[in-house]
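These notes are about the structure you will find just below.
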Amino acid sequence: MIVAGWLMLPDPHEGVCLKRGFLTVEHGVIRSVEFGEEIFMADMGGEGTIVCPGFVDAHMHLPQVPVIGADGMGLLQWLERVVYPAEASWADPDLAAEATDHAVRTLCSFGTTAFAGYATVHFDAAKAAMRAAAEIGVRALIGQVLMDRNAPEELVRPAAQLLQEAAKHDQIGRVRPAVSPRFAISCTPELLAGAGKVAETTGQFVQTHLSETRDECAKVRELFDGLSYTEVYARAGLLRRRCVLGHGIWLDDEERRTIGASGAAIAHCPTANAFLGAGMMDLRRNVEAKIRPAPGSDIGAGPDRSMVRVARAMLDVARLRGELAPPASHAWWSITGGNASVLGFDDTGQIEQGRSADLLLIEPDIELELGEDEPSIDPLGALLYAWDDRWLKRTLVHGKTVYASL
């Protein structure tokens, strides 16, 4: 199969760039990438088509897709009234599989072909979710949620049981397990320390939440003898390079230095932070502390399923904080190759020989100054800020069409 158009490629200085060319796909893998003006015998794409790597979402919740838009509450109230009831329904693994299939296909319809996602506390449901995602073919991290306190009775388990179950999860297809303590409030010190040991012995990725709201941070200090949120995780052995911390809004400089030294990344979820009124992450300070930023939708607190909108919101937040926002080319990199690198997905996120053909065919209905040496309007900026989900015409996962617009 030949896919042709303007290829979105990594650029070591600019994040990404657009070059005219085509690529060949065999058995779901990109076999070659060629450049030039002439395009012959294209099976997909062509003049005016932008061929983009599939988007990568660094932080989302599979069971929360049906509850997007539950407005008017802060984080802790929202969890109690909306999220926990939705997650309780995953006691039925068949329902979990069906819900995951719907959620993943929905993500693909917005261009997301890889993600780090949370399931629920239910072992069988987490397995079912992994199998359902693997059947579609996406690259993913999916974690069974770990909670042993401060949650509804039907959603807590003994720490020993949860740790045994977490260690049993294995890779299914392109889907890997992740050690996923929900957040410090819902975990005893024993569970957090055990989760750190499971991650160490199995090599699994760690995903959890950190410092999303002030009330949450105050509760953590109350539960953990005055320790900072970051120190709680550091003592549990959870901070490591293979770790993504959701939100990271209310951090002091010492916490930032600790996270930066550990190599952990922070999932920047600007649309979710705005929706719950949690605050605005300080991207500049985090980057200065050598913390890797990884944009995430945080569905269902995040109301936007499109990672393009999340990337745009990331730049908007920087401007609202009075900072110099990164250029659009870096925003495109962050939701493709950047997030893939953070999550350890070495087979996706870039248009490159040998990588999986996780691709998007985009046909903008605005005029872009493509191929110009000095365009009056940056085409990548126009693509980001004028983005219309209707421009996404086809989503390929490992070379197979999983979404096509009518």
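Filtering segment 109-124 to residues that are under 22 Å from residue 390 (Cα atoms) and surrounded by 24 or more Cβ atoms within 10 Å (Cβ to Cβ) leaves 111, 112, 113, 114, 115. Against the test of being crowded, with 24+ Cβ neighbours inside 10 Å and of a type in the set (S, T, N, Q), the options 144, 64 yield a single qualifying residue, 144. Considering every residue within segment 191-206, establish whether at least one is crowded, with 24+ Cβ neighbours inside 10 Å and either in the same structural domain as residue 357 (by TED's automatic domain parsing) or in a strand (DSSP E or B) (or both). Looking for residues that are crowded, with 24+ Cβ neighbours inside 10 Å and either in the same structural domain as residue 357 (by TED's automatic domain parsing) or in a strand (DSSP E or B) (or both), one finds at least one in segment 191-206, hence yes. Only residues that are more than 24 Å from residue 263 (Cα to Cα) and either without any contact (Cβ under 8 Å) to a residue 12 or more places away in the chain or among the basic types (Lys, Arg) (or both) were counted in segment 289-323, giving 6. Residue count for segment 351-363 under the criterion of being surrounded by 18 or more Cβ atoms within 10 Å (Cβ to Cβ) and part of a loop (DSSP other than H, G, I, E, B): the result is 4.
Of the candidates 28, 45, 36, 74, the single residue that is surrounded by 14 or more Cβ atoms within 10 Å (Cβ to Cβ), on the phi > 0 side of the Ramachandran plot and out of contact with any His (no Cβ under 9 Å at 6 or more places or on another chain) is 45. Only a single criterion out of (1) buried (at least 24 other Cβ atoms within 10 Å of the Cβ); (2) farther than 30 Å from residue 240 by Cβ; (3) among the β-branched types (Val, Ile, Thr) is not satisfied by residue 348, namely (2).
The values are calculated or read from the model by the stated rules, or taken from the named source; none is laboratory data. Quick caveat: nothing in here was measured; it's all calculated off a predicted structure. With ideal geometry, Cβ positions are generated from the backbone for all residues, glycine too; neighbour counts draw on all protein chains shown.
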